Amino acid sequence: MSVALWPVFEDGQRHSLCDEGVPVLRAYKDLDAIATAAGRMSLSAFDGHADVPDDVIARLAEEAQDEPDLSGFPIVWHDPADAVATLDVILFALASPDLSWAGKEDPEELACCLEAIRQPLQQAAARRTRFYLTVV
């Protein structure tokens, strides 16, 4: 399995996703731009370490000469309903015939992957549990 973007749930429930998070991770900047242009939270805002300042992350990455170790920082949990709303906006934009897409990923494939990620987030909202996104 490749490096991908995955949800982690506070209640310990596991997702059944396979590789859907791979293209989403590769396209996250383009997807974030769609979300923020529509007035929604970006996907990266749902990161488990969203509260760690970018300059701190950059310094730790430089010190490690690799991925920074953020294990000493508290996890930030998020409401999955907010992420579902973000995904809905992105999915709507990807389905638009007026989409001006400069990303490298296929918009139709991305939409399928986002739908797959949306489902366990919708289920988490129904369970009233929180989540965060992580890269694994």
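Looking only at segment 44-84, which residues are under 27 Å from Thr129 (Cα atoms), part of a helix (DSSP H, G or I) and not acidic (Asp, Glu)?
Ser44, Ala45, Phe46, Pro80, Ala81, Ala83, Val84
For the list (1) more than 14 Å from Val136 (Cβ to Cβ); (2) touching a residue at least 12 places away in the same chain (Cβ under 8 Å); (3) surrounded by 13 or more Cβ atoms within 10 Å (Cβ to Cβ), I need the number of the one condition that Ser16 fails.
(3)
What number goes with the only condition from (1) in a helix (DSSP H, G or I); (2) in contact with a Lys or Arg (Cβ under 7 Å, 6 or more places away or on another chain) that Leu25 does not pass?
Unmet for Leu25, out of (1) in a helix (DSSP H, G or I); (2) in contact with a Lys or Arg (Cβ under 7 Å, 6 or more places away or on another chain): (2).
Tell me which of these Ala64 doesn't satisfy, since it passes every other one: (1) aliphatic (A, V, I, L, M); (2) farther than 26 Å from Asp11 by Cα; (3) in contact with a Phe, Trp or Tyr (Cβ under 9 Å, 6 or more places away or on another chain).
(3)
For the structure I just gave you, tell me whether Ala81 is surrounded by fewer than 16 Cβ atoms within 10 Å (Cβ to Cβ), in contact with a helix residue (DSSP H, G or I) (Cβ under 7 Å, 6 or more places away or on another chain) and closer than 23 Å to Ala116 by Cα.
yes
Could you tell me which residue of segment 85-136 is surrounded by the fewest Cβ atoms within 10 Å (Cβ to Cβ), considering only residues that are in a loop (DSSP other than H, G, I, E, B) and either of a type in the set (S, T, N, Q) or modelled with pLDDT of 95 or more (or both)?
Among them, the one singled out is Ser100.
So which pairs qualify, if the first residue must be in segment 100-122 and at positive phi, the second must be buried (at least 18 other Cβ atoms within 10 Å of the Cβ) and among the basic types (Lys, Arg), the Cβ gap must be under 9 Å, and the two must be at least 6 apart or on different chains?
Correct list of pairs: empty, since none qualify.
Out of curiosity, is Asp11 without any contact (Cβ under 8 Å) to a residue 60 or more places away in the chain, in a loop (DSSP other than H, G, I, E, B) and touching a helix residue (DSSP H, G or I) at 6+ places or on another chain (Cβ under 7 Å)?
Here the answer is no, as Asp11 does not meet what is asked.
Which numbered condition in (1) modelled with pLDDT of 95 or more; (2) closer than 18 Å to Ala116 by Cα; (3) part of a loop (DSSP other than H, G, I, E, B); (4) not acidic (Asp, Glu) is the only one that Met41 fails?
Among (1) modelled with pLDDT of 95 or more; (2) closer than 18 Å to Ala116 by Cα; (3) part of a loop (DSSP other than H, G, I, E, B); (4) not acidic (Asp, Glu), Met41 violates only (2).
I'm trying to understand the selection: among the residues of segment 31-76, which are closer than 26 Å to Ala93 by Cβ and exposed (fewer than 10 other Cβ atoms within 10 Å of the Cβ)?
Gly39, Asp54
The values are calculated or read from the model by the stated rules, or taken from the named source; none is laboratory data. Here the structure is a predicted model, which is why all the values come from computation and not from measurement. Every residue, glycine as well, gets a Cβ built from its backbone with ideal geometry; the counts of neighbours run over all protein chains shown.
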